[in-house]
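S.K.: For reference, the structure I am asking about is given below.
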Amino acid sequence: EAQVTQNPRYLITVTGKKLTVTCSQNMNHEYMSWYRQDPGLGLRQIYYSMNVEVTDKGDVPEGYKVSRKEKRNFPLILESPSPNQTSLYFCASSFLGSSYEQYFGPGTRLTVT
Amino acid sequence: QQQVKQSPQSLIVQKGGISIINCAYENTAFDYFPWYQQFPGKGPALLIAIRPDVSEKKEGRFTISFNKSAKQFSLHIMDSQPGDSATYFCAASGGKSSGDKLTFGTGTRLAVRP
């Protein structure tokens, strides 16, 4: 089954404790992206990657890091989480040049206290 | 800055009625305009998409109307059903020249009453 998986689905952590949210896709997509979803703000892009070892900032990259060492994986790293990073996070992927058709993961609900 | 403006924020429609959600954009370089549907606890999923050289696209009960001169597009859901209750996002794709960026509207929460 073609899918994007994210882990964990739910996470409660404390300020400053480093965490990683994993994302994996099995569709051989070149393009991968991370979004955060907040009420009234829609989906905002954090980082994206157009291929292995190629990453770039989206609209709200502050406080986040990513890496793309393999085509299928695109982890999101919060080195020192803060309460304003409490949000619902989605990973998505698509073929390059077809970003209008992105496949989203099930989401990760993060709470930072 | 908000490049894709979506309204209304929420919408309540009776079963069998027509749901209409509107979006406006500013960047004329956008090359695709998709709509995504999101059910509670799930990720968004592509519902229907249109290119700017087409004025209307219909898939079943879902229709996109596109007005290039006004830089507006809308989603019409005909014969709305309770199962259509979800959050809908319009979006605009910038193509490879913009890093394949997909810019989303702020979302519309639709509730269809039985």
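The values are calculated or read from the model by the stated rules, or taken from the named source; none is laboratory data. Since we're looking at a predicted model, the values are computed, not measured. So basically every Cβ, Gly included, is an ideal-geometry build from the backbone, and we count neighbours across all protein chains shown. The accessibility values were calculated without ligands, DNA or RNA, using every heavy atom of the protein model including side chains. Shrake-Rupley method; radii C 1.70, N 1.55, O 1.52, S 1.80 Å.
S.K.: For chain B, with all protein chains present and a 1.4 Å probe, just round the carbon and sulfur fraction of the accessible area to a whole percent.
M.R.: Solvent-exposed carbon and sulfur of chain B make up 49 percent of the total.
S.K.: Still on this model: Before I look further, what does chain B give for accessible area per residue, probe 1.4 Å, in whole square angstrom?
M.R.: 48
S.K.: Now a separate question. Lys/Arg Cβ at +1, Asp/Glu Cβ at -1, dipole of the protein assembly as shown taken about the Cα centre: which of B:A45, A:T22, A:T86 is farthest positive-ward?
M.R.: A:T86
S.K.: Placing +1 at every Lys and Arg Cβ and -1 at every Asp and Glu Cβ, with all other atoms neutral, what dipole size does the range B:4-114 have around its Cα centre, in debye to the nearest 20? Spell out each step's value before the answer.
M.R.: Details: 13 positive and 8 negative charges, 32 e Å.
Value, rounded to 20: 160 debye.
S.K.: A further question on this structure: Could you tell me which of rounded, prolate or oblate describes the range A:32-110, using a ≥ b ≥ c as the square roots of the eigenvalues of the alpha-carbon gyration tensor, with rounded for a/c under 1.5 and, failing that, prolate when a/b is larger than b/c and oblate otherwise?
M.R.: Cα axes put the range A:32-110 in the oblate bin.
S.K.: When only DSSP loop residues count, what chymotrypsin sites (Phe, Trp or Tyr not before Pro) in the range A:24-106 have their Cβ near at most 16 other Cβ atoms within 10 Å?
M.R.: Answer by residue number: A:F95.
S.K.: What is the projected area of the convex hull of the Cα atoms of the range B:1-62, averaged over all directions, in nm²?
M.R.: With the hull built on Cα positions only, its mean projection is 5.7 nm².
S.K.: Using only the alpha-carbon atoms of the protein assembly as shown, report the extent along each of the three principal axes, biggest first, to the nearest angstrom.
M.R.: Over the protein assembly as shown, Cα extents along the principal axes are 49, 38, 37 Å.
S.K.: Ok, one more. Check the straight Cα-Cα distances from B:K57 and name the aspartates and glutamates below 19 Å, setting aside those fewer than 8 residues away within the same chain.
M.R.: Once the sequence-local aspartates and glutamates are set aside, what remains near B:K57 is A:E101, B:D31, B:D79, B:D84.
S.K.: Would you mind giving the total buried accessible surface between chains A and B, with a 1.4 Å probe and ligands, DNA and RNA left out, rounded to the nearest 100 Å²?
M.R.: Answer for the A-B pair: about 1800 Å² buried.
S.K.: Ignoring ligands, DNA and RNA, please state the percent of accessible area on chain A from carbon and sulfur, probe 1.4 Å.
M.R.: 50
S.K.: Taking only the alpha-carbon atoms of chain B, what semi-axes of the equivalent ellipsoid follow from 5 times the gyration tensor eigenvalues under a square root, in whole Å, largest first?
M.R.: In descending order, the three semi-axes are 24, 15, 12 Å.
S.K.: For the pair A:E101 and A:E79, how long in nm is the line joining their label points, each one 7 Å along Cα→Cβ?
M.R.: Taking the simple label geometry, A:E101 and A:E79 are separated by 3.8 nm.
S.K.: Ok, one more. I'd like the trypsin sites (Lys or Arg not before Pro) in the range A:13-113 restricted to DSSP loop residues with at most 12 other Cβ atoms within 10 Å, sorted by number.
M.R.: Numbers: sites: A:K17, A:K18, A:R36, A:R44, A:K57, A:K65, A:R68, A:K69, A:K71, A:R72, A:R109; in loops: A:K17, A:K18, A:R68, A:K69, A:K71, A:R72.
Of the trypsin sites (Lys or Arg not before Pro), the ones in loops of the range A:13-113 whose Cβ has at most 12 other Cβ atoms within 10 Å are A:K17, A:K18, A:K69.
S.K.: Separate question: Summarise the partner chain shielding of A:93-102 as one whole number: the mean count of Cβ atoms from other chains within 10 Å of each residue's Cβ.
M.R.: Shielding by partners across A:93-102 averages 6.
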